[in-house]
2 protein chains.
Amino acid sequence: MAAPKEIELGTTLSLKFDSNGLITAVTVDADTHEVVMVAFMNKEALEKTMATGKATYWSRSRSKFWVKGEESGNTQQILGVYIDCDQDAVILKVKQKGPACHNGFHSCFYREVVKTPAGALELKTIAPQEMDPAAMYAKK
Amino acid sequence: MAAPKEIELGTTLSLKFDSNGLITAVTVDADTHEVVMVAFMNKEALEKTMATGKATYWSRSRSKFWVKGEESGNTQQILGVYIDCDQDAVILKVKQKGPACHNGFHSCFYREVVKTPAGALELKTIAPQEMDPAAMYAKK
């Protein structure tokens, strides 16, 4: 493992994994500048992403690699990958084809957290559903 | 806990915590549209953030609430909070004062992951250091 200064300011890739061996991946649509999703990667997922130019995550629920769009066709072509200071998170800058969210929204972040008059927190949908999810996964 | 459809498409806040009781927080500078950092929140951190309008995280390394900028002065005023489909991640849209990164860069993502001619992965700094970190924390 690299020295702290090299990890934070150097050129050596030295990923800091969580207890499941994963880092956080934040995916940004290069055209709209929107964060479209947050997912996870292990080292091999990052290597596959860099080698293929296709966003490849580690699915925690299915315990397997997940090439984004392999089922829906809504692929993410990699334009750049950026890592944070302590090397536990990456940004994927992508060319997003179709909706990124499996619910048919362009971004998974289609709801705002708002306060009710009584001070509780609730959600308010702020973006249009672009595609019928049933149609997204049926078209294959 | 809310039903799956309500979690994904409804108005009920029903956070999905990881094994540490945390969700991922992705912070975006509203002026530059940049992702400036990725951190974590528990339920109380989200509630404090919504109540005070100041980005408040849960520090895993220090096991305490962390009001961004309380030491450096580089605060994050909340302009909006957005949640993803399965409610395990939020975006904080903020007015960022000064550098967000403790290393003095505007964003923590100041290095690109690139391939060497031999096919290995290394890091390349792509953004200027805006402030001397020693000065950031000495000014208090």
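Scan the stretch B:103-116 for residues that are within 7 Å of another protein chain (Cβ to nearest Cβ) and in a loop (DSSP other than H, G, I, E, B) and the total you get is 3. Among the residues making up the stretch A:102-115, those that are within 19 Å of B:Val28 (Cα to Cα) and buried (at least 17 other Cβ atoms within 10 Å of the Cβ) are A:His106, A:Ser107, A:Cys108, A:Phe109, A:Tyr110, A:Arg111, A:Glu112, A:Val113. If you go through the stretch B:34-65 and keep only what is within 13 Å of chain A (Cβ to nearest Cβ) and out of contact with any strand residue (DSSP E or B) (no Cβ under 9 Å at 6 or more places or on another chain), you end up with just B:Ser61. Within the stretch A:84-100, identify whether any single residue is of a type outside the set (Lys, Arg), more than 14 Å from every other protein chain (Cβ to nearest Cβ), surrounded by 16 or more Cβ atoms within 10 Å (Cβ to Cβ) and closer than 30 Å to B:His106 by Cβ, and answer yes or no. Within the stretch A:84-100 (the criterion being of a type outside the set (Lys, Arg), more than 14 Å from every other protein chain (Cβ to nearest Cβ), surrounded by 16 or more Cβ atoms within 10 Å (Cβ to Cβ) and closer than 30 Å to B:His106 by Cβ), the answer is yes, since at least one residue qualifies.
The residues in the stretch A:41-63 that are part of a strand (DSSP E or B) and buried (at least 19 other Cβ atoms within 10 Å of the Cβ) can be counted, and the count is 4. Only residues that are in contact with a helix residue (DSSP H, G or I) (Cβ under 8 Å, 6 or more places away or on another chain) and more than 7 Å from every other protein chain (Cβ to nearest Cβ): list them for the stretch B:74-83, please. Those that are in contact with a helix residue (DSSP H, G or I) (Cβ under 8 Å, 6 or more places away or on another chain) and more than 7 Å from every other protein chain (Cβ to nearest Cβ): B:Asn74, B:Ile78.
The condition of being surrounded by fewer than 22 Cβ atoms within 10 Å (Cβ to Cβ), more than 11 Å from the chain's Cα centre (by Cα) and assigned to a loop (DSSP other than H, G, I, E, B) holds for only one of A:Gly80, A:Gly119, that being A:Gly119.
Filtered by the rule that a residue be without any contact (Cβ under 8 Å) to a residue 12 or more places away in the chain and either touching an Asp or Glu at 6+ places or on another chain (Cβ under 9 Å) or of a type in the set (A, V, I, L, M) (or both), the stretch A:82-134 gives A:Tyr82, A:Val113, A:Val114, A:Lys115, A:Thr116, A:Ala118, A:Ala120, A:Leu121, A:Ala134.
Just so you know, all these numbers are worked out from the coordinates, no wet-lab data involved. Everything numeric in this text was worked out from a predicted model, so none of it was measured. Here Cβ is always computed from backbone atoms with ideal geometry, including for glycine, and neighbour counts include all displayed protein chains.
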